[in-house]
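The structure is given below, and queries will be raised subsequently.
The values are calculated or read from the model by the stated rules, or taken from the named source; none is laboratory data. Model, not experiment: these values are computed from the prediction. Every residue, glycine among them, receives a Cβ derived from its backbone with ideal geometry; neighbour counts consider all protein chains shown. In case anyone asks, the SASA skips ligands and DNA or RNA and just uses the protein heavy atoms, side chains included. Shrake-Rupley method; radii C 1.70, N 1.55, O 1.52, S 1.80 Å.
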Amino acid sequence: APPQAPADSVCTSCHGSYEQIAAKSASDNPNPHASHLGDIPCSSCHHIHEASVLYCAQCHNFDLKMP
């Protein structure tokens with residue numbers, strides 16, 4: 001496993017800007033990519049060799065399924 005998560009610029013180079021990613025998940029309620037916290041690091045939810053987690057669940061109880 002890599003020693004640390006890749007920089008967000010690696011993610012956005014393929015998936016698009018934070019705004020584009022939020023637009024792609026706009027049908028999710030709430031939209032996990034349109035956080036009131038602003039642009040949080042991708043690795044807060046998405047992990048390389050482990051299951052993704054919902055960072056928002058630290059404070060909220062949303063019924064969102066993580067891919």
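State to the nearest 20 debye the size of the charge dipole of the chain about its Cα centre, where the only charges are +1 on K and R beta carbons and -1 on D and E beta carbons. Intermediate values should be presented prior to the final figure.
Values: 2 positive and 6 negative charges, 17 e Å.
The calculated dipole for the chain is roughly 80 debye.
Report in % the part of the accessible area of the chain that belongs to carbon and sulfur, leaving out ligands and nucleic acids; probe 1.4 Å.
Values: 2810 of 5100 Å².
Accessible surface attributable to carbon and sulfur in the chain totals 55 percent.
I would also like to ask the following. Provide the per residue accessible area, probe 1.4 Å, for the chain, rounded to a whole number of square angstrom.
Working: 5100 Å² over 67 residues.
Accessible surface, normalised per residue, equals 76 Å².
So what are the ³J(HN,Hα) numbers for the stretch 31-39, from phi and the Karplus equation (6.51, -1.76, 1.60; θ = phi - 60°), rounded to whole Hz, Gly and Pro as x?
Those phi angles translate into 7, x, 9, 10, 7, 5, 8, x, 7 Hz.
Then there is this: Applying the Karplus parametrisation 6.51 cos²θ - 1.76 cosθ + 1.60 with θ = phi - 60° to the phi angles of the stretch 6-18, what ³J(HN,Hα) value in whole Hz is obtained for each residue in order, glycine and proline being reported as x?
x, 5, 4, 4, 5, 5, 6, 5, 9, 8, x, 5, 4
Still on this structure: Could you tell me, in Å, what Rg and Dmax come out for the Cα atoms of the chain?
12.0, 34
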